[in-house]
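One structure is given below, encoded as structure tokens.
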Amino acid sequence: FMHIYWFGLSAFKIVSKETTVFTDPFSKAAGVTSPRGGGDIVISSNPALELYNNFSSISGQPFIIDSPGEYDVKNVFIRGIPATAAKNQTEAKKIETDNRAIYLLTLEGINLGFLGSLKEKALTQSQIEEMNNIDVLLVPVGGNSVCDAEEAVGIVNELEPKIVIPMHYKTPGIDVKLDSVERFLKEMGGKGEEMDKLLVKKSELEEEKTRIVVLTPQRN
């Protein structure tokens, strides 16, 4: 099983039996208190920006992942996939120095897709193949610097996860220009289940239809 907590933007805490993973801990520049707590692993989807790399707010001596690659840490297998797709050789050269990534985490037998600060109209075929068989998808929906509602819905339809958690949208106190979550929910044709934290058990993941879970930001 795993518990998933959300702090706002793309900052999450994912807690399994043995391991605590933080994603994209933001700085005070976000407008609210930075995520805090002890962690084993910290993932940054866009390490060049302070909004996604406030590693010092996480205590313990976490293993930091801030670029594409494959990692196996404390029984968590993590694959970082380049977030930007090259359309030609010049772009490929530029992308070599760009560490932005989307991540596939496998822990407790559950596949979790973390799309971080993704700003692409659609995933490439190779990204879809690498992110296959997703149980839980954390997807940005707020537009402007990340995917907007329509782009996010397209990605959800491509990956067909069992549970979708929208992120990176407007919430009280966040000082970043973003749309609200309502447009995404409307595009998905549903309201979403609202909760403080989500408990995911492998045995309870249903195949039939995608659940949308809207988490309340934690304030610590």
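The values are calculated or read from the model by the stated rules, or taken from the named source; none is laboratory data. Values in this document were obtained by computation on a predicted structure and should not be read as measured data. Neighbour counts run over all protein chains shown; Cβ positions are idealised from the backbone, glycine included. With ligands, DNA and RNA removed, areas are computed over all heavy atoms of the protein, side chains included. Shrake-Rupley method; radii C 1.70, N 1.55, O 1.52, S 1.80 Å.
Details
- Residues of region 1-15 satisfying the condition of being more than 14 Å from the chain's Cα centre (by Cα) and open to solvent by 10 Å² or more (accessible area, probe 1.4 Å): Phe1, His3, Val15
- Check on Lys201, modelled with pLDDT of 95 or more and among the basic types (Lys, Arg): no
- Test: residue in region 45-57 that is over 18 Å from Asp196 (Cβ atoms), assigned to a strand (DSSP E or B) and more than 14 Å from the chain's Cα centre (by Cα): no
- For Gly80, the conditions (1) of a type outside the set (S, T, N, Q); (2) modelled with pLDDT under 95; (3) over 22 Å from His3 (Cβ atoms) are fulfilled apart from (2).
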